[in-house]
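Values quoted throughout were computed directly from the atomic coordinates according to the rules given, and no laboratory measurement underlies them. Bear in mind the structure is a predicted one, so any value in this text is a computation, not a measurement. Cβ coordinates were reconstructed from backbone atoms using ideal geometry, including for glycine residues, and neighbour counts include every protein chain displayed.
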Amino acid sequence: SIILGSLLGLISAMAEEGTTVFGVIGEQMILPCTDQAQKDDVTWKYNDQVVIQHRGRVLKGRAPMASRSEINMHEMSKGNFSLKLLKLEKSDNGTYSCTVGATKVKIKLQVFEATRSSSESLLQGGNLILRINEVPGTTVTWSDNHRGSVTATGRRELKNSGHHLEIKNLQIEDSGTWRCHIKSPSASLTIPYEVKVIGFHNLNQETVYTAVNSSANFSYQMNNILQEMTKLKNIRGALMWKSEGESEYREKFNFNFSSGSLRLPKQMANLQFTANLQVKMPKVQFQDAGWYRCQLTLKQGSVKKDIHLVVMKVSAEPVGPLSEGVNVTLLCKLSVAVPAMAQLLWEHVNGTEKACQGPGDTEVKVKTRSVGLWRCSLSMNNSKMISTEYTVVEADEQNYVPIWAGVGVSPVLLLLAGLSIFTCTARQRRRRRAERMVRARRDLIERRTCQCQFFMVT
C-alpha cells in the first residue's frame, strides 16, 4: 500500500454550496459542514441516499459508504456537523449534501487514485514510477525529496501530461518524501510518496591503496536502511574477489540476515568480519591485490559495490646489512600499472637520491650505497595515495670477517688464512675477557664504597 501522510487541500472551514474537496483512495476524508444554529439534528446524503443522520441518536443509512461514515457528537454541540469517511474508495466520488434544520449545503468529493510501480523498498539502480489518475479541470505538478520542483531532466521523466513521474537509476540520495500537487480553481491536494532506496554509499568504483602487511577494510554499510533490515527477510551477503587478470569473480565468504538476526561467518584466514558489517584484512599480502565485490541479495534483486585493492611492496637485493663497497638494489612494485597523472617515486629521506617511473610502469628501482631511510610513494595529482618505507642498514665492520677462499687458492694459503683468523679471534677473546675482569673489579670497589657511605650516613 502507498504510504500517505496528512492530506492538504481542505478549502474552507465553512461549508458553502458547491464546495469541492479532494481525497485519496485508502485514506480518510472530512466533508465540512458547519452551522451556528443551536441544532443537534443533521442528515448526510449521497445522491439522495442517506449516509448517516442524527435525530436524538446516530442512524446509518443505505448509501454504499454508510458503514465507513462517522460524525462527532461532541463537535456537533459546537456547530460542527462534518462527516468523516474512512478508507475512501473510488466509488465514493460524487455529491454529498448536509442538512441542518432548514440549511442545506452540497459538497463535491473527488477521489484520486495514487499508485506506484513498487510498494516495497527499492534497490539502487532500479526505476520507480509514481502515478496519479487524470481528472479534467485539474493540474498536476511534482516536487522531489528536497522540495525542489521536478522537471523532465536527467533521470526524471514526466509522462501522461505530467500524471506519471518516472525516476530512473535510483540512488540512495533519492530516498525521502516525493510529492504530487493537484490543483483546481476550487480545491487543492498534496499527496506524499515515501521512497526508500536500498544501496551502498559511494557506489562509484572505489580504489583502496595499501602496502604489504598493512590492513584494508571493505564496508557493507549502506544508507540508514540497516535499521529497516529487521523488517526484511532472507538477505544474503557475499564478498567476491578476482585477481587483476581474471574476468570472473570467486566467492571469498558469505553471510545471511534472516528474521531480524545476522548470522556472521567464522573468521577466515586473513579475513575478519565485524558486527558493523565491515570486512577487515589485517595483513594484506601482494597476492591479495585485485577486485573485490561487496554484494547483498534480497528478494527484489541484488545490489553490489566494486572495490579495487592496489597493493605496494618493497624489497632489497641483497637483503640485510650493507657491506662497505657493496651496492644494494631497492625495488618498489605496484600491483597495477601506474595510473595516468601519477608517478611512482623512490627517494632517500634526506633528498640526496631519487628515482621515479610514470604512467604504465609497475615498478621503480634504485641502485645505491646510501644507508638510512628510503621511502617509496605513489602520488596522483599532487596527492600521496600510498607510501611505504625501507631502511638500509650498514654492516658492523668489526664483526665482519672476510673469507679468502676461491678457485685456484692453494691449501697452504687457506691454512695460513685459517690460522690467521683463529689467532685474531683468540686475541679478541682474550682482550674482551681482560676488559670484563677490569670492569668487574671496578664495579666491586664502587659497590663497597657505596655501602660504606650508606652505613656512615645511617
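Quick notes on this one:
- Against the test of being closer than 23 Å to MET281 by Cα, under 39 Å from the mean Cα position of the chain (by Cα) and either assigned to a loop (DSSP other than H, G, I, E, B) or free of Cβ contacts under 8 Å to residues at least 12 places away in the same chain (or both), the options VAL303, VAL336, VAL314, VAL310 yield a single qualifying residue, VAL336.
- Among (1) touching a residue at least 60 places away in the same chain (Cβ under 8 Å); (2) surrounded by fewer than 13 Cβ atoms within 10 Å (Cβ to Cβ); (3) closer than 29 Å to GLY290 by Cα, the one test that LEU330 misses: (2)
- Filtered by the rule that a residue be within 16 Å of PHE112 (Cα to Cα) and either buried (at least 18 other Cβ atoms within 10 Å of the Cβ) or hydroxyl-bearing (Ser, Thr, Tyr) (or both), the range 122-160 gives LEU130, ARG131, ILE132, THR138, THR139, VAL140, THR141, TRP142.
- Residue in the range 347-368 that is among the charged types (D, E, K, R) and under 26 Å from the mean Cα position of the chain (by Cα) present: no
- Top-ranked residue of the range 297-321 - restricted to ones that are buried (at least 19 other Cβ atoms within 10 Å of the Cβ) and of a type outside the set (Val, Ile, Thr), ranked as farthest from ILE235 (Cα to Cα): LYS313
- Strands (runs of 3 or more DSSP E) within the range 58-122 that include 1 or more residues without any contact (Cβ under 8 Å) to a residue 24 or more places away in the chain and of a type in the set (A, V, I, L, M): 58-60
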